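One structure is given below, encoded as structure tokens.
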Amino acid sequence: MSKQISPSTPEINRLRAAAALIPIIEAGLADSKLSVERAALMASFCEWTMGMPGNDAEASRLLKSIGRGLERIRVALSSSAKNSVS
């Protein structure tokens with residue numbers, strides 16, 4: 001039996017995009033393929049999506065996932081900033 005995918009809305013699509021960006025940002029920072037500025041810009045999109053209403057279970061799950069990912073990215077960005085100052 002196939003899994004039912006919830007109907008698409010602009011809000012859900014933005015949340016899905018933000019959730020997909022998190023591992024891309026993390027990998028780019030880890031491999032030094034993304035500049036700190038670019039990663040911060042991408043993370044700001046993810047932060048913006050956190051303001052989307054969580055009407056259903058999928059939105060709530062995505063919001064939690066994005067929030068956890070943004071915390072990891074903030075740590076990586078702050079350590080990158082400290083390394084560039086030293």
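Here is how the numbers come out for the structure above:
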read-out: Among residues of the range 45-80, those that are open to solvent by 50 Å² or more (accessible area, probe 1.4 Å) and of a type in the set (Gly, Ala, Ser), counted; value: 4
read-out: Any hit, the range 10-23, residues being exposed (fewer than 13 other Cβ atoms within 10 Å of the Cβ) and outside any helix (DSSP H, G or I); value: no
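Rundown of residues vs (1) of a type in the set (Gly, Ala, Ser); (2) modelled with pLDDT under 95; (3) in contact with a strand residue (DSSP E or B) (Cβ under 7 Å, 6 or more places away or on another chain), yes/no style:
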{"site": "8", "(1), (2), (3)": "yes, yes, no"}
{"site": "27", "(1), (2), (3)": "yes, no, no"}
{"site": "31", "(1), (2), (3)": "no, yes, no"}
{"site": "47", "(1), (2), (3)": "no, no, no"}
{"site": "52", "(1), (2), (3)": "no, yes, no"}
{"site": "71", "(1), (2), (3)": "no, no, no"}
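The values are calculated or read from the model by the stated rules, or taken from the named source; none is laboratory data. What you see is a predicted model; the values in this text were computed from it and never measured. Reconstructed Cβ throughout: ideal geometry from the backbone, glycine too, with neighbour counts over all protein chains shown. When the accessible area is computed, the model is the full protein with side chains, heavy atoms only, and any ligands, DNA or RNA have been set aside. Shrake-Rupley method; radii C 1.70, N 1.55, O 1.52, S 1.80 Å.
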